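Novice: If you scroll down you'll find the structure; I have some questions about it.
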Amino acid sequence: MKGMTVIVKTITDFVVGFIVVFGAYIVLYGHLTPGGGFAGGVIIACAFILTMLAHGKDVAFSKLPEKVAHVADSGGALVFLLIGWFGVTVGFFFMNTFGRGEVFRLLSSGMILPLNIAIAFKVASSLFLVFSALAIFRRRSFRAMIEDELA
Amino acid sequence: MTVYFLCIVLLTMGLYCLVAKKNIVKKVLGIVIMDYAVNLYLIIVGYKSGGVAPIIEPDMPAATLERFVDPLPQAMVLTSIVIGLGVLSLMVAMCIRLYEKHGTFDMSVISKLRG
Amino acid sequence: MIVGSIVAIETRNLLSAVISVAAVGFALSVAFLFLGAPDIAITQLVVEVLVLIILIRGTILLDNTAVESHRDTLAVVTSLIFFGLVLGFGAMIFGGRGFPEFGEPVMRVSRVYVHTGLPATHCANIVTSVILDFRAYDTMGEATVLFTSILGALALLRRDGKKKEGEVVAA
């Protein structure tokens, strides 16, 4: 299983970058326009899953290795908690202590932007991991079944 | 009232699918449909007639604040959708494991094969 | 949407059932857009694509994608009674008093959010300010649930562990 036809591969190479950039836009502007960490994270995960569907698992894992995905998954959750605990140093849990900035600018609204980015990392990497697990598992079990048939 | 009733119809279908079907994948689909029904219900509860999305724009009259739809259920549903995706992947993983072990998706066959 | 869900429940072929559920989800996304919730519409749309991919990946390519079914009249009658009961209860609940009419939400809590959202958080999107500032506890719980379910799926689907290989060798 080395992926799909040349047409699909070429179009995928062309489109994946745009999808990732769009996901990043959705994440970064989550506090000004509709969107946010969840939607943007799922969009980025979709880009990697598209790569995996078109090229097979080797290319997808060379783009985003499994170890990195694990680290990003756990690290996103950890950063979320740390930002929450950072508020404790001043007042209470999840207190918005960062500089609020100017309204309607990208770097505004305190901790909301870092929290969005943390959630996006977490959602994207975890969904990619689950999908890769599903794909690899099915392939292996299928091969085992065929071998059973032959034996 | 009528709109709430549509939600109830959707929820009932999901429940029926969950309870009465024998195929595991059909049961999973029933859970997904129930998920959709609950999300739709929460959003409908928060809708204000003639309402606009709760996003503030730079030069907006203050009166528009009164026309915003309810942001609280939207926030709840936003998290609920992603949770639904995670739970769905867990259920599909269980289904695949069951299929690999028993070679079928049929619930009655699987429960007979125990032992 | 309701037609799509009926098709999803009653069709014999699992693949078409999955695709019908996806149709329900996309219709739901459009409905969210009309109900003034663009955040939810975007998320629902993207999540729906992933649901479709995961479900197809999970169901197709396994051997028997068709459902063999044999129905008896007792089951049909029972399910009809069940439908009637649940719909009747729904009508009773929503027809009663004390429930907000469609289009007039009770905005006791959210009025505070809408009015103080911009000054308190400097965040133009009120939904984001609610989930990440006023109610960040909930979002943390959500992240925990997602983490746990993904962990469970990965544990269920892991490749051959050392233990399993050892068992094979021992056998």
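The values are calculated or read from the model by the stated rules, or taken from the named source; none is laboratory data. No experiment lies behind these values; they were computed from the predicted model shown. All Cβ positions, glycine included, derive from the backbone under ideal geometry; neighbour counts span all protein chains shown. Note: accessible area is taken over every heavy atom of the protein model, side chains too, but ligands, DNA and RNA are not part of it. Shrake-Rupley method; radii C 1.70, N 1.55, O 1.52, S 1.80 Å.
Novice: Taking the criterion of being facing chain B (nearest Cβ under 10 Å), under 30 Å from B:V69 (Cα atoms) and at pLDDT 80 or above, would at least one residue in the stretch C:146-165 satisfy it?
Specialist: So far as the stretch C:146-165 goes, yes, one or more of its residues are facing chain B (nearest Cβ under 10 Å), under 30 Å from B:V69 (Cα atoms) and at pLDDT 80 or above.
Novice: May I ask you to verify whether A:A47 is open to solvent by less than 50 Å² (accessible area, probe 1.4 Å), assigned to a helix (DSSP H, G or I), touching an Asp or Glu at 6+ places or on another chain (Cβ under 8 Å) and small (G, A, S)? Walk me through how you get there before you give the answer.
Specialist: On the way: open to solvent by less than 50 Å² (accessible area, probe 1.4 Å): yes; assigned to a helix (DSSP H, G or I): yes; touching an Asp or Glu at 6+ places or on another chain (Cβ under 8 Å): no; small (G, A, S): yes.
Against the criterion (open to solvent by less than 50 Å² (accessible area, probe 1.4 Å), assigned to a helix (DSSP H, G or I), touching an Asp or Glu at 6+ places or on another chain (Cβ under 8 Å) and small (G, A, S)), A:A47 does not qualify.
Novice: Being within 7 Å of chain C (Cβ to nearest Cβ) and at pLDDT 70 or above is the filter here, so list the residues in the stretch A:82-115 that pass it.
Specialist: Hits for the stretch A:82-115 are A:G84, A:I112, A:L115.
Every residue, every condition in (1) more than 22 Å from B:V52 (Cα to Cα); (2) open to solvent by 80 Å² or more (accessible area, probe 1.4 Å); (3) at pLDDT below 85, yes or no:
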| position | (1), (2), (3) |
| --- | --- |
| A:F14 | yes, yes, no |
| A:G17 | yes, no, no |
| A:Y25 | yes, yes, no |
| A:G30 | no, no, yes |
| A:T33 | no, no, yes |
| A:G36 | no, no, yes |
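Novice: Here is a further query. For the stretch B:79-93, what are the residues that are free of Cβ contacts under 8 Å to residues at least 60 places away in the same chain and within 7 Å of chain C (Cβ to nearest Cβ)?
Specialist: Narrowing the stretch B:79-93 to residues free of Cβ contacts under 8 Å to residues at least 60 places away in the same chain: B:79-87, B:89-90, B:93.
Passing the criteria: B:T79, B:I81, B:V82, B:I83, B:L85, B:G86, B:V87, B:S89, B:L90, B:A93.
Novice: May I pose another question? Residues to consider are B:I81, B:I31; find the one that is modelled with pLDDT of 75 or more, touching a Ser or Thr at 6+ places or on another chain (Cβ under 6 Å) and either open to solvent by less than 10 Å² (accessible area, probe 1.4 Å) or not in a loop (DSSP other than H, G, I, E, B) (or both). Spell out the reasoning first.
Specialist: On the way: B:I31 fails: touching a Ser or Thr at 6+ places or on another chain (Cβ under 6 Å).
Within the list B:I81, B:I31, the selection yields B:I81.
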